[in-house]
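The values are calculated or read from the model by the stated rules, or taken from the named source; none is laboratory data. Here the structure is a predicted model, which means the values were calculated and not measured. Here the Cβ is made from the backbone with ideal geometry for all residues, glycine too, and neighbour counts use every protein chain on show.
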């Protein structure tokens, strides 16, 4: 565990659970231990322990990344999902955490 240049906490994991956002990081390990594995995850948390970024590393390459932002009430507002090819998918959530469909976003 360490702090990045913005002061967020960076931690290393060997897994995660769920395909809903935000995901839940599982099995925290040291950076050194994580890099001994073919696949590991890097998670960044703000000072309130809200997950901000979550990356999967496979064979030394980032294969997907999730970036999250939150409403003032602490509920997920935005999930940006970037795949290996750099394609981004964005999901917007209302203040209660429900996924907003495109026609609701106008």
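Just a few scattered comments:
- Residue check for residue 72: within 24 Å of residue 91 (Cβ to Cβ), in contact with a strand residue (DSSP E or B) (Cβ under 9 Å, 6 or more places away or on another chain) and either part of a loop (DSSP other than H, G, I, E, B) or touching a residue at least 24 places away in the same chain (Cβ under 8 Å) (or both): no
- Pairs with Cβ under 6 Å, 6+ apart, first in the stretch 95-106 and assigned to a helix (DSSP H, G or I), second at pLDDT 95 or above and surrounded by 10 or more Cβ atoms within 10 Å (Cβ to Cβ): 105/92
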